[in-house]
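The values are calculated or read from the model by the stated rules, or taken from the named source; none is laboratory data. Values in this document were obtained by computation on a predicted structure and should not be read as measured data. Here the Cβ is made from the backbone with ideal geometry for all residues, glycine too, and neighbour counts use every protein chain on show.
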Amino acid sequence: VTYELFYWPTIQGRGEFVRLALEEAGTPYVDVAREPGGMKRMMAALGGSGRAPFAPPFLKAGELVIGQTAAILLFLGQHHGLAPLEEAGGLWTHQLQLTIADVVAEVHDTHHPVSSALPYEDQKQEAGRRAAAFIDSRIPKFFGYFERVLGGNEYLVENRLTYADLSLFQLVEGLCYAFPRALARLGHDYPGIAALRGRVAARPRIAAYLASPRRLPFSQEGIFRHYRELDRASP
Ligand SMILES: N[C@@H](CCC(=O)N[C@@H](CS)C(=O)NCC(=O)O)C(=O)O
């Protein structure tokens with residue numbers, strides 16, 4: 001089966017966590033909304049009644065339609081050797097992914113703390129306070145957690161690559177784009193996470209993907225945005 005990924009065509013966003021897993025799996029997929037007529041198909045699927053996903057990304061695998069990034073990765077992990085098959089290991093990987101999703105939601109709120117429907121310029125003041133708190137207390141708490149989970153190992157789960165490692169890589173890439181000053185001491189403060197980032201980037205399929213036109217650049221439209229005024233050195 002050739003998977004169909006439905007996600008906004010011009011940004012990495014949450015779809016990127018799925019793209020990375022599909023690329024590492026080396027399985028054929030179509031990034032539907034980037035194809036002619038694809039946006040129309042995506043919007044029609046979202047507007048459908050009954051079992052339609054709420055928002056992109058969603059994945060079509062034959063008859064199956066899966067929404068929610070972490071659920072899509074749970075599925076891909078099981079089918080492509082990107083997570084342990086046994087229950088405890090599978091759920092442990094899933095809970096790591098949900099924790100990464102929590103961070104992603106907080107990153108979004110650094111530039112849109114009041115409403116996604118309002119432009120950044122209308123919530124700059126709140127964004128300033130939110131971003132400062134995120135840098136000062138949330139990054140250290142989340143990164144400290146993942147560093148402890150790594151515990152000196154090469155990968156998060158059973159010391160072999162899972163989709164959670166691909167997602168942690170993407171989280172670090174995004175945060176380095178959005179908050180370069182805050183992340184300046186990443187290697188010093190979180191050597192395990194920094195090493196994992198390099199290890200994932202060097203995997204042949206990921207390296208080929210990152211160098212390809214399929215990898216969209218970070219931008220001011222995605223979840224990870226760089227506003228100079230929101231970035232500051234970490235404490
Ligand atoms: N929890 C969902 C969030 C999905 C989501 O927020 N998608 C964004 C794009 S990254 C969207 O298009 N949201 C539309 C909306 O919330 O109205 C996930 O992790 O997949």
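For a quick check of your reading of the model, give me the residue pairs whose first member lies in region 76-100 and is aliphatic (A, V, I, L, M), whose second is surrounded by fewer than 18 Cβ atoms within 10 Å (Cβ to Cβ), with beta-carbon atoms closer than 6 Å and at least 6 apart or on different chains.
ALA83/GLY90
Being more than 15 Å from VAL172 (Cα to Cα), more than 16 Å from the chain's Cα centre (by Cα) and surrounded by 15 or more Cβ atoms within 10 Å (Cβ to Cβ) is the filter here, so list the residues in region 195-230 that pass it.
ARG203, TYR227, LEU230, listed by residue number.
Okay, residues lined up against (1) farther than 25 Å from ILE11 by Cα; (2) modelled with pLDDT under 95; (3) buried (at least 17 other Cβ atoms within 10 Å of the Cβ):
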| position | (1), (2), (3) |
| --- | --- |
| HIS94 | no, no, yes |
| THR99 | no, no, yes |
| ALA127 | no, no, yes |
| ALA131 | no, no, yes |
| GLY151 | yes, no, no |
| VAL157 | yes, no, yes |
| ASP165 | no, no, yes |
| GLN170 | no, no, yes |
| ALA182 | no, no, yes |
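Report, ordered by the first and then the second residue, all pairs with beta carbons closer than 9 Å, sequence separation of six or more or different chains, a first member in region 224-235 that is farther than 27 Å from GLY15 by Cα and part of a loop (DSSP other than H, G, I, E, B), and a second member that is modelled with pLDDT of 95 or more and polar (S, T, N, Q).
Going by the 9 Å Cβ cut-off, the qualifying pairs are PRO235/SER137.
Scan (1) out of contact with any helix residue (DSSP H, G or I) (no Cβ under 6 Å at 6 or more places or on another chain); (2) over 30 Å from GLY50 (Cβ atoms); (3) within 15 Å of the ligand (Cβ to nearest atom); (4) of a type in the set (A, V, I, L, M, F, W, C) for the single condition LEU96 breaks and write down its number.
(1)
Assess whether HIS111 counts as being within 14 Å of the ligand (Cβ to nearest atom), modelled with pLDDT of 95 or more, surrounded by 15 or more Cβ atoms within 10 Å (Cβ to Cβ) and over 25 Å from THR10 (Cα atoms). Before you say what the answer is, go through the steps one by one.
Numbers: within 14 Å of the ligand (Cβ to nearest atom): yes; modelled with pLDDT of 95 or more: yes; surrounded by 15 or more Cβ atoms within 10 Å (Cβ to Cβ): yes; over 25 Å from THR10 (Cα atoms): no.
For HIS111, the condition - within 14 Å of the ligand (Cβ to nearest atom), modelled with pLDDT of 95 or more, surrounded by 15 or more Cβ atoms within 10 Å (Cβ to Cβ) and over 25 Å from THR10 (Cα atoms) - is not met.
The conditions are (1) over 28 Å from ALA33 (Cβ atoms); (2) part of a helix (DSSP H, G or I), and PRO84 fails exactly one of them. Which is it?
Looking at each condition in turn, PRO84 falls short on (2).
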